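The values are calculated or read from the model by the stated rules, or taken from the named source; none is laboratory data. None of the values given here were measured: they were computed from a predicted structure. As a convention, Cβ positions derive from the backbone with ideal geometry for all residues, glycine included, and neighbour counts pool all protein chains shown. Protein only, heavy atoms only, side chains kept; ligands, DNA and RNA dropped before computing areas. Shrake-Rupley method; radii C 1.70, N 1.55, O 1.52, S 1.80 Å.
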Amino acid sequence: MRYLVRDRMFAFHEEAWIETEHREKVFKVDRKLLRLRTTFAFVDPWGQTAATIVRKAMTWHHTILIKHDGERLGKISRRLFRLFGDRFVVKLRDGRKLRINGNLWDREFDIQHRGTTLAHVSRRWFSLRDTYAVDVLEPADTTMLLVLAVCVDHILHEQRD
């Protein structure tokens, strides 16, 4: 299933919508302003929070915690130095380790588990600067894969600034 992230993080209210390819709204990514740490909330169309993204303050490399109801679901870290291997590593609560590979500069990357691609993120087909697609190949992990795509996009955007 293909999802579109329509990013408006530079707007006054700082929000983004995640929609299906049929333009049905699935989640609103709402940035919490005036906080010490960068915080985003994934809210479904009915107002229920599905996940919260919290960027840890004072780390050597970017680390983002993924939480739900105060309980940690996972952690995504960016490696500063790497000769070989992945730039982002995800550790989930259930013990799985995911890897994020690809052309991160152009925002073309895959989220993988043990060599199997779970999702592909791409800006290739969109002329609008702030829209990208997330092709989810593993429907059971849809919410987590969408959260990870937003996390990587946020880290890369911070890096460019």
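See the values below:
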quantity: Residue, least open to solvent (accessible area, probe 1.4 Å), within the range 71-100, restricted to residues that are small (G, A, S) and at pLDDT 85 or above; calculated: G74
quantity: Every residue from the range 109-141 that is modelled with pLDDT under 85 and either more than 21 Å from I53 (Cα to Cα) or open to solvent by 40 Å² or more (accessible area, probe 1.4 Å) (or both); calculated: R123, R124, W125, F126, S127, L128, R129, D130
quantity: When residues of the range 19-43 are limited to those that are within 17 Å of R55 (Cβ to Cβ), of a type in the set (V, I, T) and part of a strand (DSSP E or B), the one modelled with the highest pLDDT; calculated: V29
quantity: Qualifying residue in the range 7-18 (condition: open to solvent by 70 Å² or more (accessible area, probe 1.4 Å) and modelled with pLDDT of 75 or more); calculated: no
quantity: Checklist (1) surrounded by fewer than 20 Cβ atoms within 10 Å (Cβ to Cβ); (2) at pLDDT 85 or above; (3) of a type outside the set (G, A, S) applied to M144, failing item; calculated: (1)
quantity: Filtered residues of the range 89-112 (kept if outside any strand (DSSP E or B) and in contact with a Phe, Trp or Tyr (Cβ under 7 Å, 6 or more places away or on another chain)); calculated: R107
